[in-house]
Ligand code: GTP
Ligand code: SPV
Ligand code: MN
């Protein structure tokens, strides 16, 4: 399908290493995709679901030990260790290539190697980047065909160029002890072995569009961020765009597709989704920051998605979707997950592939008794989303008015606050903290610092990443304002106080009013906080005192946080920019 010598030589080398019986080029045609689906169904790799209720939908179960990203086994392999920094795992490139070559050698014997040419961004646009993923998994091929723009037309756009991202994935033995997700930013290369789970193997997503792209962005003067992008259209037909960085499983997909509360809907407000996970941002000729979503689909968390919380996601995932690690309802040949509805199927198979007895489900022991894995996912096409923005395919992207950071904090962070300026906003992002979730292997619910929601995804030294943020700010004449939100404050019984989901728009409206200079705020030690009466609670079952409570800045817990922030900055090391240490000292002084 191509005469590009760089591509052909590299594929020859990788095939000599992995020794597949056959090499198949993915052209993106409906015929080939259909044939691959049929083949994967015949081997049991995927299960075709009820075509009337869920047209063109499939179910896949990953290995029981392979259900989330593995941050402990994710490496940034720069020639100098300090360029990867202390937050990333590091291996010397030569050592890593050698170690992983042993795992790849002969691993595709008796199998097919699929060659997936794909684009992150609009094929042919000046901001698109291209990659090729080699994989032994049809599941990966089918997911990449949804998540990226993939096929023959991408090879045509690549021409004879050598500047593509080379991705090699092999499931090998799915051996946890030898699972590696390795990035070689200096070589435009990603090697992933012994996993079959999304974030570890759909190499266009976190591996390329964040880890490698963040490295390229720093070199080339743009940013790759873990952000959703949404547009709010006013009754007058003007649309303002917001991008928001929340850690994994902290509400990006939900916010990106939100349905406005009745009070806004009846006035004619609309919300449009441009992206739910990744934003590439660059400075436009007009001096504003412009964002594109480089992906073509959504890899969304299934549990908790329902007709009330996120109807748009549910509708998007009702056709042309691959479900991973959810419950299989055998009576209807459909799928189910915790939080979908109150009717768990009676005759069902759980995410592990075992018969599932819904009466044994215990909310307090989800890990052992849940039918769907807490990190089970749907892979669905952006074009099937009822609220997809008409700018989704626009290569120019959308101009960003506000950047919003946010995490899961039971206490410290208020519902919303605004930073004083870009430098302070960068500081606010750098001290983000959130409780860990099921999206990555390891303990859940532990507070950790997760700067800009990028801790697992910065492809270089975190201190240099902070410096890049500061530099970008200096170069954007008309920079977005920077905010921080927290939907997850809890009461003494551990219940969420703020209703969240669609009602988060009430907070976004305050944010946009601030951007337009239409509303006052209260200056506090941490930043500008709304006056309680400026958060619209019409139609909500909540009092202004509750809002006051949600907006309160708890000086004691902020002071306790300071030492943890200092420890984190020390861990990041001596490349933390002086400006951020000054901001930290200033915050400490303001807290008194
Ligand atoms: P990744 O795809 O892993 O990056 O996650 P994400 O950031 O897209 O998170 P998602 O929107 O899938 O939400 C994850 C979980 O948070 C789900 O269980 C949601 O139900 C829950 N959630 C999302 N938004 C809110 C909210 O506003 N309030 C509350 N209480 N929970 C929320
Ligand atoms: C995340 O964990 O942030 C995800 C899922 O969006 S994954 O693609 O696995 O990284
Ligand atoms: Mn998501």
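Numbers at a glance
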{"item": "Pairs with Cβ under 8 Å, 6+ apart, first in the stretch 358-382 and at pLDDT below 85, second within 16 Å of ligand 3 (Cβ to nearest atom) and outside any helix (DSSP H, G or I)", "result": "366/374; 367/374"}
{"item": "Residue selected from the stretch 233-249 under the condition surrounded by fewer than 23 Cβ atoms within 10 Å (Cβ to Cβ) and on the phi < 0 side of the Ramachandran plot, by the criterion farthest from ligand 1 (Cβ to nearest atom)", "result": "236"}
{"item": "Hits in the stretch 233-250 - residues which are part of a strand (DSSP E or B) and within 13 Å of ligand 3 (Cβ to nearest atom)", "result": "244, 245"}
{"item": "Residue tally, condition within 16 Å of ligand 3 (Cβ to nearest atom) and part of a strand (DSSP E or B), over the stretch 269-287", "result": "4"}
{"item": "Options 374, 395, 345; residue that is in a loop (DSSP other than H, G, I, E, B) and more than 28 Å from the chain's Cα centre (by Cα)", "result": "345"}
{"item": "Residue in the stretch 425-444 that is farthest from the chain's Cα centre (by Cα), counting only those that are assigned to a loop (DSSP other than H, G, I, E, B) and under 19 Å from residue 302 (Cα atoms)", "result": "444"}
{"item": "Cβ-Cβ under 8 Å pairs, at least 6 apart or on other chains, the stretch 195-207 side in contact (Cβ under 8 Å) with a residue 24 or more places away in the chain and more than 19 Å from residue 175 (Cβ to Cβ), far side part of a helix (DSSP H, G or I) and within 16 Å of ligand 3 (Cβ to nearest atom)", "result": "202/143; 202/147; 204/147; 205/147; 205/198; 205/199; 206/199"}
{"item": "Condition met for residue 407 (crowded, with 24+ Cβ neighbours inside 10 Å, closer than 29 Å to residue 486 by Cα and either modelled with pLDDT under 95 or more than 23 Å from the chain's Cα centre (by Cα) (or both))", "result": "yes"}
{"item": "Qualifying residues in the stretch 566-591 (those that are farther than 13 Å from residue 466 by Cβ and without any contact (Cβ under 8 Å) to a residue 60 or more places away in the chain) - the one surrounded by the fewest Cβ atoms within 10 Å (Cβ to Cβ)", "result": "589"}
{"item": "Residue in the stretch 285-299 that is away from ligand 2 (no atom under 16 Å from the Cβ), in contact with a helix residue (DSSP H, G or I) (Cβ under 7 Å, 6 or more places away or on another chain), more than 19 Å from residue 438 (Cα to Cα) and not assigned by TED's automatic domain parsing to the domain that holds residue 209 present", "result": "no"}
{"item": "Residue check, residue 307 in a loop (DSSP other than H, G, I, E, B), more than 16 Å from ligand 3 (Cβ to nearest atom) and in contact with a helix residue (DSSP H, G or I) (Cβ under 8 Å, 6 or more places away or on another chain)", "result": "yes"}
{"item": "Every residue from the stretch 312-325 that is closer than 15 Å to residue 387 by Cα and more than 13 Å from ligand 1 (Cβ to nearest atom)", "result": "315, 318"}
{"item": "Lone qualifier among 294, 260 - being under 20 Å from residue 486 (Cα atoms), in contact with a strand residue (DSSP E or B) (Cβ under 6 Å, 6 or more places away or on another chain), touching a residue at least 40 places away in the same chain (Cβ under 8 Å) and away from ligand 1 (no atom under 13 Å from the Cβ)", "result": "260"}
{"item": "Any hit, the stretch 209-219, residues being within 16 Å of ligand 3 (Cβ to nearest atom), under 18 Å from the mean Cα position of the chain (by Cα), in the same structural domain as residue 97 (by TED's automatic domain parsing) and at pLDDT 95 or above", "result": "yes"}
{"item": "Unique match (being under 25 Å from residue 547 (Cβ atoms), surrounded by fewer than 16 Cβ atoms within 10 Å (Cβ to Cβ) and away from ligand 2 (no atom under 16 Å from the Cβ)) among 503, 491", "result": "491"}
{"item": "Selection count, the stretch 293-304, where residues are closer than 30 Å to residue 151 by Cα and assigned to a loop (DSSP other than H, G, I, E, B)", "result": "5"}
{"item": "From the options 72, 110, 124, 85, residue that is at pLDDT 95 or above, at positive phi and surrounded by fewer than 20 Cβ atoms within 10 Å (Cβ to Cβ)", "result": "110"}
{"item": "So residue 538, is it part of a helix (DSSP H, G or I) and loosely packed, with under 13 Cβ neighbours inside 10 Å", "result": "no"}
{"item": "Single condition residue 386 does not satisfy, out of (1) assigned to a loop (DSSP other than H, G, I, E, B); (2) within 16 Å of ligand 1 (Cβ to nearest atom); (3) closer than 21 Å to residue 302 by Cα", "result": "(2)"}
{"item": "Matching residues in the stretch 180-202 - criterion: being in a loop (DSSP other than H, G, I, E, B) and within 21 Å of residue 92 (Cα to Cα)", "result": "188, 194"}
{"item": "Helices (runs of 4 or more DSSP H) within the stretch 63-179 that include 1 or more residues within 16 Å of ligand 3 (Cβ to nearest atom)", "result": "138-147"}
{"item": "Candidate set: the stretch 310-342, residues that are assigned to a loop (DSSP other than H, G, I, E, B) and without any contact (Cβ under 8 Å) to a residue 60 or more places away in the chain; chosen: the one surrounded by the fewest Cβ atoms within 10 Å (Cβ to Cβ)", "result": "342"}
{"item": "Residue that is in a helix (DSSP H, G or I) and free of Cβ contacts under 8 Å to residues at least 40 places away in the same chain, where the choices are 31, 52", "result": "31"}
{"item": "Per-region count, the stretch 216-232, residues outside any strand (DSSP E or B) and more than 13 Å from ligand 1 (Cβ to nearest atom)", "result": "7"}
{"item": "Hits in the stretch 445-475 (condition: part of a loop (DSSP other than H, G, I, E, B) and surrounded by fewer than 18 Cβ atoms within 10 Å (Cβ to Cβ))", "result": "445, 446"}
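The values are calculated or read from the model by the stated rules, or taken from the named source; none is laboratory data. Quick caveat, the model's predicted, so the values are computed rather than measured. Because the Cβ atoms are built from the backbone with ideal geometry, glycine has one as well, and the counts that use them run over all protein chains shown.
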